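What follows draws every value from the coordinates through simple rules; no lab data is involved. These figures come from a predicted structure and were not determined experimentally. All Cβ positions, even for glycine, are placed from backbone atoms using ideal geometry, and neighbour counts span all protein chains on display.
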Amino acid sequence: MSYVCLATAGFDAVEAFYRQTLGGSVIRAWDRPGARGVLLEVHGLRLELLDAAREKRQLRLPAPGDRVHLVLEVADVDAVHRSLALYAPVPVTTNWGSRCFAIRDPDGVQITFLQWLNQPGAAA
């Protein structure tokens, strides 16, 4: 996968969440007539955010509900959990070999932080 793109009507809040709260770094950004966006690297995920209000063609944005969620595989889910400057549920160990926790971005998109346990090729 190259990257995931999310369009949002709340661009400033969503960009701040992924950059400041989750520690994303900017790969590139643009702000021109008819388009504003940013491509970020967030815990190994390349994530593009588009400002729906600035697109030339009006974007319809239904609530994301649970149709979309981002899964970020990390080496140490507990360290990521401690690093967040927001409330997040305590990571749990699953019966399928992982530790994980989930939060939601300002638009309601679920973000799951996942660490594989004792599996070949797993993030360690």
Checklist outcome for this item: Sorted by chain and then number, the residues having a modelled amide H within less than 5 Å of the amide H of E73, at least 5 places away or on another chain, are L114
Checklist outcome for this item: With the stretch 48-115 reduced to its Cα atoms and the Debye formula applied, log10 I(q)/I(0) at q = 0.21 1/Å amounts to -0.91
Checklist outcome for this item: Under the helix-only model (-39500 (n - 2.57) for each DSSP H run of 4 or more, divided by the residues of the chain), the mean residue ellipticity at 222 nm, to 500 deg cm²/dmol, is -2500 deg cm²/dmol
Checklist entry - Dividing the alpha-carbon radius of gyration of the chain by 2.2 N^0.38 Å (N being the number of residues), what value is obtained? => result 1.13
Checklist entry - For the pair D66 and S2, how long in nm is the line joining their label points, each one 7 Å along Cα→Cβ? => result 3.2 nm
Next on the checklist: Under a crude label model (7 Å from the Cα following the beta-carbon direction), how far is W96 from R19 in nanometres?
Outcome noted: 3.5 nm
Checklist entry - Relative contact order for the chain: what is it in percent, counting Cα pairs under 8 Å that are at least 6 residues apart? => result 23 percent
Item to check | Protection proxy ranking of 55-63, 85-93 - average other beta-carbon atoms within 10 Å, highest first | outcome: 85-93, 55-63
